[in-house]
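The values are calculated or read from the model by the stated rules, or taken from the named source; none is laboratory data. Just so it is clear, the structure is predicted and the values come from calculations on it, not from any experiment. Cβ coordinates were reconstructed from backbone atoms using ideal geometry, including for glycine residues, and neighbour counts include every protein chain displayed.
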Amino acid sequence: MLKQLQAVCDKYEELCARSEQPDFYADPKRAARLLREKNDLQPVVEAYQSYLAAQREMEEAQELMGDPELKELCQETYVQAKAKKEELHQQLRLLLLPRDPNDEKNVIVEIRGGVGGEESALFAHSLFRMYTMYAARQGWSVELMNYSETELGGVKEADFVINGRGAYSRMKYESGVHRVQRVPETESGGRVHTSTATVAVLPEIEAVDVSINPADIEMQVYRASGAGGQHVNKTSSAVRLIHKPTGLVAACQEERSQVQNREKCMRILASKLYEIEQEKRSSQITGLRRSQVGTGMRNERIRTYNFPQGRVTDHRVNLTLYRIDSVMDGDLDEIINALATADQAEKLKNSQSYTPEG
């Protein structure tokens, strides 16, 4: 591991030297890529340098312990340096974990009403509102792709893109079945009902990054419905694309032109095909069961929203919060932080054990 860390330091120094060359910015795209690589390596280099400094401090303190006048001070210094070194050791383990290459990407989110009829559609609308408010808290923008609502204001289906750096690194934990327990607006007897909605989160993949044969795409056009302005129900601007080999469907009706809606559909389709390919590749290469945290298995209930008790429980990390109103207003960081921490812990447990000296 010492060799690996030293190699990272050597690469970082090389990138620093190249960035100081007069012609470095002659190719802006290449320069941007190299600067991103340099910035990604910087935390590892800084942590490793601090680790080596703590190790030197321990060695110096140990050498001076033979002096009776300095023994007590050196023992204290040694203990502090050792604790610092252990802390940095753990930090380096996390920093050297393989990163998800999609973490910095935008995300495509799909919400569908599940079990529970109209109440599930109303809950799906609540989730749509929750995620748009969370995106606003993060400084991200939301781009609506497809939105179909019920007569009572519920959501049959909502597809949207969240644009923002690191959006996927946070939102990927939201994939799965969300369950709600509350008294529906349509319930006159005051009884608590249980309903569900499903959420799918995909990293946005450019269509050019995925091989799609045009002959495999069936395009259907139809009149937009629901909110959308004067063009609704007057022009066939809405587009539905069907990938015939897989049966995957992408639909968009939020733009006024058929061309724009088709472009958005292709973005969704590319991301869905990418996900299928990644899952296939992952199972073929590793054959290992992936951690439930972070995979968002859609056939699993991941979270319960109990309105009568004012609580939200995430079943993957056994976290319960008694502030359902703030969660539904987009205050999701505490939940997502717990999931990210559990995900890192699982990866550390499955990674090959090592020490920086090894």
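Give just the number: which of (1) in the same structural domain as M130 (by TED's automatic domain parsing); (2) polar (S, T, N, Q); (3) at pLDDT below 95 does S353 not satisfy?
(1)
Cβ-Cβ under 6 Å, sequence separation 6+ or interchain: first residue in segment 267-282 and under 18 Å from K244 (Cβ atoms) and assigned by TED's automatic domain parsing to the domain that holds I162, partner at pLDDT below 70 and outside any helix (DSSP H, G or I). Which pairs?
Once the first residue is under 18 Å from K244 (Cβ atoms) and assigned by TED's automatic domain parsing to the domain that holds I162 and sits in segment 267-282, its partners that are at pLDDT below 70 and outside any helix (DSSP H, G or I) give A270/V210; L273/V210; Y274/V210.
Would you mind finding the one in L52, L64, L34, L70 that is of a type outside the set (S, T, Y), surrounded by 13 or more Cβ atoms within 10 Å (Cβ to Cβ) and within 31 Å of the chain's Cα centre (by Cα)?
L34
Please verify whether V107 is exposed (fewer than 14 other Cβ atoms within 10 Å of the Cβ) and either at pLDDT 90 or above or touching a strand residue (DSSP E or B) at 6+ places or on another chain (Cβ under 7 Å) (or both), treating the condition exactly as stated.
No, not satisfied.
Would it be correct to say that A136 is outside any helix (DSSP H, G or I), modelled with pLDDT of 90 or more and of a type in the set (G, A, S)?
no
If N102 satisfies all but one of (1) touching a strand residue (DSSP E or B) at 6+ places or on another chain (Cβ under 8 Å); (2) modelled with pLDDT of 90 or more; (3) not assigned by TED's automatic domain parsing to the domain that holds N146, what's the number of the condition it fails?
(2)
Restrict the check to segment 32-48 and report whether at least one residue is of a type in the set (D, E), under 30 Å from Y173 (Cα atoms) and either modelled with pLDDT of 90 or more or in contact with a Leu (Cβ under 9 Å, 6 or more places away or on another chain) (or both).
Yes, segment 32-48 has at least one match.
What about R99, is it of a type in the set (K, R), surrounded by fewer than 19 Cβ atoms within 10 Å (Cβ to Cβ) and farther than 25 Å from Q344 by Cβ?
When the stated conditions are applied, R99 does not pass them.
Consider segment 132-191. How many of its residues are acidic (D, E) and touching a strand residue (DSSP E or B) at 6+ places or on another chain (Cβ under 6 Å)?
Of the residues in that region, 5 qualify.
Inspect segment 73-81 for any residue being assigned to a helix (DSSP H, G or I) and β-branched (V, I, T) and give the result as yes or no.
Checked segment 73-81: at least one residue is assigned to a helix (DSSP H, G or I) and β-branched (V, I, T).
From (1) over 20 Å from D10 (Cβ atoms); (2) surrounded by fewer than 17 Cβ atoms within 10 Å (Cβ to Cβ), pick out the condition that doesn't hold for A81.
With respect to (1) over 20 Å from D10 (Cβ atoms); (2) surrounded by fewer than 17 Cβ atoms within 10 Å (Cβ to Cβ), A81 is out only on (2).
Restricting the search to segment 253-278, which residues are surrounded by fewer than 16 Cβ atoms within 10 Å (Cβ to Cβ) and of a type in the set (G, A, S)?
S257
Hey, among the residues in segment 164-196 that are among the small types (G, A, S) and without any contact (Cβ under 8 Å) to a residue 60 or more places away in the chain, which one's nearest to D333 (Cα to Cα)? Spell out how you get there, then give the answer.
If we filter segment 164-196 for residues that are among the small types (G, A, S), which is where we start, we get 164, 166-167, 169, 175-176, 188-190, 195.
Then keep just the ones that are without any contact (Cβ under 8 Å) to a residue 60 or more places away in the chain; that gives 164, 188-190.
Working: G164: 16, S188: 35, G189: 35, G190: 32 Å.
My answer is G164.
Do we find a residue being surrounded by fewer than 22 Cβ atoms within 10 Å (Cβ to Cβ), aliphatic (A, V, I, L, M), modelled with pLDDT of 90 or more and not in a strand (DSSP E or B) anywhere in segment 113-133?
Checked segment 113-133: at least one residue is surrounded by fewer than 22 Cβ atoms within 10 Å (Cβ to Cβ), aliphatic (A, V, I, L, M), modelled with pLDDT of 90 or more and not in a strand (DSSP E or B).
Restricting segment 324-348 to residues that are of a type outside the set (A, V, I, L, M, F, W, C) and in a loop (DSSP other than H, G, I, E, B), which is farthest from L92 (Cα to Cα)?
Among residues in segment 324-348 that are of a type outside the set (A, V, I, L, M, F, W, C) and in a loop (DSSP other than H, G, I, E, B), the one farthest from L92 (Cα to Cα) is D329.
Any residue at all in segment 95-109 that's over 28 Å from Q181 (Cα atoms) and part of a helix (DSSP H, G or I)?
The answer is yes, given that some residue of segment 95-109 is over 28 Å from Q181 (Cα atoms) and part of a helix (DSSP H, G or I).
(1) surrounded by 14 or more Cβ atoms within 10 Å (Cβ to Cβ); (2) under 22 Å from G166 (Cβ atoms): which one isn't true of M58, the others all being true?
(2)
Are any of the residues in segment 218-234 under 25 Å from the mean Cα position of the chain (by Cα), modelled with pLDDT of 80 or more and surrounded by fewer than 16 Cβ atoms within 10 Å (Cβ to Cβ)? Step through it out loud before you land on a result.
Step one: of segment 218-234, the residues under 25 Å from the mean Cα position of the chain (by Cα) are none.
No: zero hits.
Out of the residues in segment 241-268 that are part of a helix (DSSP H, G or I) and of a type in the set (S, T, N, Q), state the one that is nearest to A158 (Cα to Cα).
N261
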